[in-house]
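Note sheet for the following structure.
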Amino acid sequence: MDLEQAIRTRRTHKAFGADALDAATLDELFELARWAPNHHLTNPWRFRVLGPRSRERLMELAEAAQPGSAVKLRRAPTLVVVSVQSSGEEAQDREDLLATAVAAYIVLLGAHARGLAGYWRTVALLDQPGARELLGLDAQESPLGLLYLGAPVQEQRVPDRAPPGEFATYLD
């Protein structure tokens, strides 16, 4: 699959097969993510793959915070927490936040290129004290969200997209 095809055909999936991704595949995806552009080569992204016990504990925290919300944590067989390491310097931290978002998207594109499905979901729970402790997030680390990954079980429709003329401006 070439790059343009991957970008145009990647979709958000919320229905997955039962098998979790193996560590070798995840390591390949994280290896791709490390090539995201980042100012001063800070490599600010962090990825944490939730195993069965950590997922169950996170589900307990989700259920306690908002009854019924834990079910969303069962959608995919593999959950990856994406976070960014901050420096405390405002301009660098903004650069690092954006670089981490790019790295997360690279993981999604890499998964798609391998015939896998995924989506990115922001989850406020990840920044709660109990979840931060469970995930081992220090004070300089901020969670961006969860990547849901696995084998697709259905095709996703291609949504209409606005043409570039609606969002791109050429300045003189």
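The values are calculated or read from the model by the stated rules, or taken from the named source; none is laboratory data. Treat the numbers as computed from the prediction; the structure is a model and nothing was measured. Using ideal geometry, Cβ is built from the backbone for each residue, glycine included, and neighbour counts are taken over all protein chains shown.
Evaluated against (1) over 14 Å from the mean Cα position of the chain (by Cα); (2) in a helix (DSSP H, G or I), Pro37 falls short on exactly one condition, (2).
Looking across region 1-26, the residues that are modelled with pLDDT under 90, part of a helix (DSSP H, G or I), surrounded by 10 or more Cβ atoms within 10 Å (Cβ to Cβ) and among the aliphatic types (A, V, I, L, M) come down to Ala6, Ile7. Taking the criterion of being farther than 19 Å from Asp27 by Cα and touching a Phe, Trp or Tyr at 6+ places or on another chain (Cβ under 6 Å), the only residue of region 72-99 that qualifies is Arg75. Is region 94-103 home to any residue that is over 19 Å from Thr12 (Cβ atoms), charged (D, E, K, R), touching a strand residue (DSSP E or B) at 6+ places or on another chain (Cβ under 9 Å) and crowded, with 20+ Cβ neighbours inside 10 Å? Within region 94-103, one or more residues are over 19 Å from Thr12 (Cβ atoms), charged (D, E, K, R), touching a strand residue (DSSP E or B) at 6+ places or on another chain (Cβ under 9 Å) and crowded, with 20+ Cβ neighbours inside 10 Å.
Matching residues to (1) among the aliphatic types (A, V, I, L, M); (2) closer than 14 Å to Leu126 by Cβ:
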{"residue": "Met59", "(1), (2)": "yes, yes"}
{"residue": "Ala62", "(1), (2)": "yes, yes"}
{"residue": "Val71", "(1), (2)": "yes, no"}
{"residue": "Val84", "(1), (2)": "yes, yes"}
{"residue": "Ser87", "(1), (2)": "no, no"}
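Scanning region 71-127 for residues that are in a helix (DSSP H, G or I), aliphatic (A, V, I, L, M) and over 26 Å from Asp2 (Cα atoms), we see that the one that is farthest from the chain's Cα centre (by Cα) is Ala91.
Taking the condition surrounded by 20 or more Cβ atoms within 10 Å (Cβ to Cβ), under 20 Å from Gly150 (Cα atoms), more than 15 Å from the chain's Cα centre (by Cα) and not acidic (Asp, Glu), does Leu58 pass? Here the answer is yes, as Leu58 does meet what is asked. Within region 105-113, identify whether any single residue is surrounded by fewer than 13 Cβ atoms within 10 Å (Cβ to Cβ) and out of contact with any strand residue (DSSP E or B) (no Cβ under 6 Å at 6 or more places or on another chain), and answer yes or no. No, the conditions are met nowhere in region 105-113. Applying the set (1) of a type in the set (A, V, I, L, M, F, W, C); (2) part of a helix (DSSP H, G or I); (3) more than 16 Å from Leu73 (Cβ to Cβ); (4) modelled with pLDDT of 95 or more to Met59 leaves exactly one unmet item: (3). When you check Pro37 against the structure, is it touching a residue at least 40 places away in the same chain (Cβ under 8 Å) and either in contact with an Asp or Glu (Cβ under 8 Å, 6 or more places away or on another chain) or closer than 23 Å to Ala139 by Cβ (or both), yes or no? No.
Among the residues of region 27-47, those that are among the aliphatic types (A, V, I, L, M) and surrounded by fewer than 19 Cβ atoms within 10 Å (Cβ to Cβ) comprise Leu32, Leu41. Just so you know, in region 91-128 the residues that are among the small types (Gly, Ala, Ser) and without any contact (Cβ under 8 Å) to a residue 24 or more places away in the chain include one that is nearest to Met59 (Cα to Cα), and it is Ala124.
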